[in-house]
Amino acid sequence: MTELSVHNLTRRVDLFTLKLFLTVVEEQQMRRAALRENITPSAATRRLQELEEVAGVDLFDRLPGGMTPTPAGDVLARHVRLLFANLDVMRREMAEFSQGVRGQVIISSTSTIIVQFLAREIAEFARDFPLVDIELQEDANANVVHAAASGKADVAMFYATDDIRSESLDIVEFRTDRLVAIVPRTHALAGRASITTRDLLEEDLIGIAPHTSMMTQLRNAASALGGELRVKFRVNTIEVARSLVKAGLGVTIQPESMLPTEDFNKVVLVALDEPWALRRLCIGTKRGESPSAAARAFIARLTDL
């Protein structure tokens, strides 16, 4: 057998033969592999024999029950899979030059980020990229990260809080926001420049759904002080929580930028003097994988690259 070299590989082995090789690895039987690739078994056998000659090693153990890859075959299969994965990425990237950016981008995001920023950004992106189909999934912070890490979403929009494990994502910071306390104008805390978690432990709290990142952070901060939140009402949205504050029924927390200007004469915004109150909003994609052209275009829109 000849020695394997890049020269021999590129001159004597075509992509179809490499695809056939992978199919035989999967099927472990020449006849079934040939059927899948629409080639006669004899022609398939000849192609694999030529591939082994170029490789300089046996790629399969031929057994009565079928064919199993040798250690060398396993190594080649791993590299060939990477080759086809890279070819697919190339195909998707080249398509944007010949067809314009098209396809689908699946975005997973927390509700707060959607309300604060994403709804407007998606609307502008949809106008500029009409060939891209956008699917938006609203979920809790941890679930958003998991969706991108598992490949169920192309893009994750999440808060990089201490309780979130994001090692499986490639991350770009989008922007920051700050959590503040919202209190009635007549409340004792209304005259304070800032408050802490310890101050909130003494108050009737209007809590948002417990799975949200900001409620998780507040609960963790209370636990660290050895205390427990006194949640008087629990609602699902920031808007409902704020309406209860305006009625004088308690205090709540929310991102600073989400307080409507018309509410400034009804409630008071008090700074939260806590390190966790400053939050990083991040864009995440599955680590080590090149996003599709549609996903890259969406991320570029968010980051103004």
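Values in this text are rule-based calculations from the coordinates and carry no lab data. Since the structure is predicted, the reported quantities are computational estimates derived from the model, not experimental observations. Neighbour counts run over all protein chains shown; Cβ positions are idealised from the backbone, glycine included.
Descriptive notes on the structure:
- Here the range 178-277 has an Rg and Dmax of 12.1, 37 Å, counting Cα atoms alone.
- All other residues whose Cβ lies under 11 angstrom from that of residue 232 are scored, Lys and Arg at +1 and Asp and Glu at -1, for a net of 0.
- A Förster distance of 22 Å, applied to the separation of the beta-carbon atoms of residue 301 and residue 278, puts the FRET efficiency at 0.35.
- Packing rank of 231-244, 109-122, where each peptide gets the mean count of other beta carbons within 10 Å, highest leading: 109-122, 231-244
- Label-to-label distance, nm, for residues given as residue 225 and residue 176 (7 Å Cα→Cβ offset): 2.3 nm
- Annotation: extensible slack from residue 162 through residue 237 equals 24.7 nm (criterion: 0.36 nm per residue apart, minus Cα-Cα distance).
- Distance between the modelled labels on residue 256 and residue 202, one decimal in nanometres: 2.4 nm (7 Å Cα→Cβ projection).
- Scanning the chain for DSSP H helices at least 24 Å long along the axis (C-alpha atoms) with a Kyte-Doolittle mean no lower than -0.5 picks out 71-99.
- Straight-line reach from residue 246: taking Cα to Cα under 30 Å and skipping same-chain neighbours fewer than 8 places apart, the lysines in range are 232, 266.
- Stretch gain in nm, segment residue 263-residue 88, where the contour uses 0.36 nm per residue and the Cα spacing is subtracted: 57.9 nm
- Mean projected area in nm² (Cα convex hull; one quarter of hull surface) for the chain: 22.4 nm²
- Using a Förster distance of 41 Å, the FRET efficiency for residue 134-residue 38 (Cβ separation, nearest 0.05): 0.65
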